[in-house]
Amino acid sequence: MKGERQGFPGSLERVAALYRTMARIRAFENAAEEASKGGVAAFGASLAQAMVRGPLHLSTGQEAVAAGVCINLSKDDLLTSTHRGHGHTLAKGASMERMMCELFGRATGFNGGKGGSMHIADFSVGMLGANGVVAAGIPIAVGAAHALRIQGRESIVACFFGDGAVNRGPFLEGLNWAAVHALPLLFVCEDNRWSATTATGSMTAGAGALARARAIGVPGVEVDGNDVFAVDSHSSSLIRKIRAGEGPQFLHAITYRFKGHVSVDPATYRDGEEVARALEDDPLLYAREKLGQSDAEAIREAAEEEVRKALAAAAAAPWPEPASAYTDIQDTGSRWR
Amino acid sequence: MALTTYAAAACEALRAAMHADTRVVVLGEDVGRGGIFQQYKGLQQEFGAVRVLDTPISESTIMGAAVGMALAGLKPVVEMRVVDFALCAMDEVVNQAAKARYMLGGQARVPLVARMPGGLWSGSAAQHSQSLEAWFAHVPGLVVMAPATPQDNYSLLGAAIACGDPVIYLEHKELWGLQGELDQGVKAPVGKARTARNGSDITLVTWSRTLHEALKAADEAGASVEVIDLRTLWPWDRDTVLASAARTGRLLVVHEAVQAAGFGAEIAAAVAEELGIRVKRLGAPRIPVGYAKPLEDEARVTADRILSAINEFAGRAK
C-alpha cells in the first residue's frame with residue numbers, strides 16, 4: 001500500500017533507533033539464513049551440515065513493523081509473536097547472541113536448545129514467545145493482558161500475528177474477548193500477503209483484517225508497513241489510547257515477505273514482477289534515506305559486527321546435555337515411561 | 001466430618017485455594033452462575049467477577065488465555081464445561097499448555113487446572129459422554145486426575161492447584177450429586193492411588209465413576225478382590241499397583257473409556273512387563289455412546305459386566 005509518505009517529524013535519534021533495530025534484524029536473519037543452508041531434511045539436505053536446523057521463517061522485508069511498534073513499548077510491556085518472530089524478539093530488546101545460540105541449538109540459547117527459532121522467548125524483556133501454530137499467540141496475549149488487569153499492572157501487551165491468522169478461529173475469539181473486557185492489548189496484523197505458499201487474498205473473504213477487527217468492535221488503522229515512521233507514529237497513538245484505558249486497538253501493517261515461507265523455499269510460486277516491485281520498496285532503504293547514508297552505514301556495520309560476534313559465540317557455545325531433554329517438563333510425574 | 005456432595009466438595013476446595021492464594025483465578029462459561037453443575041456455586045459472589053471470570057463460548061481462547069495468564073504469573077482454574085467441548089481447545093492444551101515450559105527452556109511454568117467433566121452422561125448421547133483420559137495421559141507435560149468421591153474431589157482439586165503443573169482434571173458428569181463424608185484436613189497427594197477395598201485373589205485397578213461399579217462387583221464376587229482407585233492417571237501410582245498385583249498374581253483394569261487404546265492398556269502392559277503375571281482389561285466397546293437407553297447401555301461398564309470379568313478371570317489358571 002505504498003502511497004505518499006510523510007517522512008518523519010521526530011528526532012534524528014529516533015530515526016537512528018528505528019533504523020538500528022531494522023538493520024540488526026536484517027543482519028541477524030541474513031546470517032541465520034546462511035547458517036540454515038542444508039538444514040531442512042525435506043529438501044534432501046544433510047542436516048549435519050547446517051548450524052541452524054529445521055524450518056527457519058524469515059521476516060526479511062518486514063522489519064519496519066517490528067521496529068515501529070516495539071519502539072513504543074517499555075520493558076515491562078509484554079509481547080507475543082509468531083513462527084516468524086526474530087524481528088519482534090530483537091525489537092523488544094532481547095540479546096542477539098542468545099537468540100543465535102538458540103538457533104544453533106546451544107545450551108546458552110534463550111531456551112537451552114529446547115525451542116529453536118519457532119519458540120524463541122525472553123521473559124526478562126517481556127517477550128513471551130514465538131509460536132509454531134498460526135494464531136496461537138492471540139489467546140495467550142489475551143490471557144496475559146487479562147492477567148495484567150487482574151494484577152493491577154499498568155503495562156500492555158502487543159500481539160503480533162500474520163495475515164494468515166485472520167482466518168483461524170482464535171482471531172475471532174481473541175478479539176471478541178479483548179473487546180468485551182476492554183483489555184490493554186495492541187493487535188498487530190503483520191500482513192506480508194502470503195499464507196505459507198498461498199496468496200492470502202485468494203483465501204480471505206470480505207474486506208480483510210481491519211474490517212474484521214472493526215466488526216468485532218476493535219478499532220484501528222491500516223498502515224504502510226514498509227514505512228517505519230508511519231508504523232511508529234500510528235503505533236504511538238494507538239498505544240496511547242490503550243494506556244488511557246480505551247481498550248484494545250488494531251494495527252494492520254501491510255508489508256511483504258521478501259523470502260519464501262521458510263529459508264529454503266525459493267518461492268517460485270510468486271509473480272516475478274510482484275517480487276521485484278516489493279524488493280524496490282525495501283523498508284531499510286527508505287529509512288536510510290531519512291537518516292543519511294553515512295550514519296546509516298555506520299549503524300549497518302555495527303549490526304554486522306554484532307552478528308559476527310553472535311555467530312562466533314554460538315558456534316563456540318556448548319551443546320545441551322542429553323539429560324536436559326528430561327527437565328522442564330513437569331514437576332509432578334517426572335517419570336518418562 | 002460432614003456429609004457433602006461431589007460438586008460442593010470441589011467448590012469448597014476451590015474456595016480454600018482462592019483464600020490461600022490471590023493468584024488463583026477461575027475462568028469459563030457460566031461460572032458466575034455457579035457453573036452448570038453448581039461446582040462454582042457462590043464463588044463469584046464471594047470473590048468478585050474479576051477473579052471468577054465469565055467468558056464467551058470460546059474454548060480455544062479460554063484455554064489459551066489461561067496459558068497466557070499462567071505465563072504472566074496467575075494460577076488459573078479453567079472450566080471447560082465437559083471434556084467433549086475441550087476438544088475445541090486441543091491446540092491450547094497439547095501444543096501450548098503442555099509444551100510451553102519445555103519449549104521455553106524453563107523460563108516460565110504453566111500452573112493451571114483445566115476442569116473437564118468427563119464420562120457417560122445419561123441420555124446425552126455421543127458428544128457429551130466421552131472418557132478421553134488416555135489422550136491426555138499420552139501428552140508429556142500434563143498431569144491427569146480423575147476423582148471418584150467427594151473427599152477426593154476436595155483433596156485432589158486442592159493438590160492439583162498447588163502442584164504447579166498443567167493438570168487435566170476429569171470430574172465425572174454422573175457423580176456431581178454423590179454424597180460422602182468430607183474431612184477438609186485430609187490430603188491426597190498427586191500420583192497416589194487409594195486402596196478402596198482389600199483382597200487377595202485379584203487386583204482390580206479403576207478410577208472415576210467406575211470405582212463404584214467395581215466395588216459393587218467385588219462385594220458379590222466369589223474371589224477376594226482388591227480394588228485400587230488410581231485417582232491420578234499421570235503420574236500413576238506404580239508402586240501401589242505393582243505391590244498389590246505381585247501379591248494377588250492377577251491384574252484386572254476396568255474403565256469406562258473405550259477399551260481399545262485406553263489407559264488400562266498402559267497399566268496392564270506395564271504390570272505384565274514388570275511382573276509377568278496374568279492381566280486383563282475391561283472397558284467399553286469401541287462404539288460412540290448412543291442416545292436411546294438400550295444403545296447407551298451397551299457402552300456402560302456396569303457392575304454386572306465387571307462381575308462377569310472377575311469370575312471369568314478368577315476361573316483361569318494363574
Next item on the list: Rounding to the nearest 20 debye, state how big the charge dipole of the range B:194-315 is about its Cα centre with +1 on each Lys and Arg Cβ and -1 on each Asp and Glu Cβ.
Entry: 60
Check: With springs only between Cα atoms under 10 Å, which of A:61, A:245, A:143 fluctuates most in a Gaussian network model of chain A?
Finding: A:245
Check: Going by how many other beta carbons lie within 10 Å of each one, how would you line up B:174, B:79, fewest first?
Finding: B:174, B:79
Check: From the Cα gyration tensor of the range A:12-317, with a ≥ b ≥ c the square roots of its eigenvalues, which class applies: rounded if a/c is under 1.5, or else prolate if a/b is larger than b/c, or else oblate?
Finding: rounded
Notebook entry, point to check: How far is it, in nm, from the label point at residue B:304 to the one at residue A:37 when both lie 7 Å from their Cα along the line to the Cβ?
Noted result: 7.4
Next item on the list: Sort B:195, B:203 so the one with the fewest other Cβ atoms within 10 Å of its own Cβ comes first.
Entry: B:195, B:203
Checklist line | Charged-residue dipole, Cβ positions (Lys, Arg, Asp, Glu), chain A about Cα centre, Debye nearest 20 | finding: 780
Check: Which helices, counted as full DSSP H runs in chain A, have an axial Cα extent of no less than 20 Å and a Kyte-Doolittle average of 0.5 or above?
Finding: A:137-151
Margin query: Given the range A:140-278, report the % of alpha carbon pairs whose separation exceeds 18 Å.
Written below: 56
Next item on the list: Rank B:122, B:78, B:310 by how far each Cα sits towards the positive end of the charge dipole of chain B (+1 on Lys, Arg Cβ; -1 on Asp, Glu Cβ) and give me just the farthest.
Entry: B:310
Next item on the list: Taking 7 Å along the Cα-to-C-beta vector as the label spot, tell me the residue B:46-residue A:293 distance in nanometres, rounded to one decimal.
Entry: 7.3
Next item on the list: Determine the sum of side-chain charges near residue A:268: Lys and Arg each +1, Asp and Glu each -1, restricted to other residues whose C-beta is under 13 angstrom from that of residue A:268.
Entry: -1
Margin query: For a quick check: with amide H placed at 1.01 Å from N, whose amide H comes under 5 Å from residue B:253's, ignoring anything fewer than 5 positions away on the same chain?
Written below: B:205, B:280, B:281, B:282
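With a sphere of radius 13 Å drawn around the Cβ of residue B:123, what net charge do the other residues whose Cβ falls strictly inside it have (Lys, Arg +1; Asp, Glu -1)? It would help to have the intermediate numbers written out before the result.
Values: positive: B:173, B:293, B:300; negative: B:174, B:296, B:297.
Here the charged neighbours net out to 0.
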Check: Calculated FRET efficiency, residue A:12 and residue B:186, Cβ-Cβ r, R0 56 Å, to nearest 0.05?
Finding: 0.25
Notebook entry, point to check: Using unit Cβ charges (K, R positive; D, E negative) and no other charged atoms, how large, in debye to the nearest 20, is the dipole of the protein assembly as shown about its Cα centre?
Noted result: 840
Margin query: Can you show me the helix-derived [θ] at 222 nm for chain B, built from DSSP H runs with n ≥ 4 at -39,500 (n - 2.57) apiece and divided by the number of residues, rounded to the nearest 500.
Written below: -11000 deg cm²/dmol
Notebook entry, point to check: Roughly what would the spin-label model give for residue A:75 and residue A:325, points 7 Å off Cα along C-beta, in nm?
Noted result: 3.7
Next item on the list: Label the range A:185-238 by shape, choosing from rounded, prolate and oblate, from the square roots a ≥ b ≥ c of the eigenvalues of the Cα gyration tensor; if a/c is under 1.5 it is rounded, and otherwise prolate applies when a/b is larger than b/c, oblate when it is not.
Entry: oblate
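Out of the DSSP beta bridges found with both residues in the range B:2-182, what percent are antiparallel (nearest 5)?
Around 20 percent of the beta bridges assigned by DSSP in the range B:2-182 are antiparallel ones.
Among the listed pairs A:92/A:309; B:173/B:216; A:241/B:41; B:99/B:192; A:259/A:290, which are separated by more than 30 Å between their Cα atoms?
A:241/B:41
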Item checked: Average beta-carbon neighbours from other chains, 10 Å sphere, peptide A:144-154 -> 6
Margin query: Just want the ordering: A:286, B:40, from fewest to most Cβ atoms lying within 10 Å of their own Cβ.
Written below: A:286, B:40
Notebook entry, point to check: GNM on chain B, C-alpha springs below 10 Å: top fluctuator among B:168, B:306, B:36?
Noted result: B:36
Check: What is the average number of partner chain Cβ atoms found within 10 Å of a Cβ in B:87-100?
Finding: 3
Notebook entry, point to check: What share of the DSSP beta bridges in chain A is antiparallel, in percent to the nearest 5?
Noted result: 10
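Bear in mind that the values in this text are calculations on the coordinates, not laboratory data. Everything numeric in this text was worked out from a predicted model, so none of it was measured. Cβ coordinates were reconstructed from backbone atoms using ideal geometry, including for glycine residues, and neighbour counts include every protein chain displayed.
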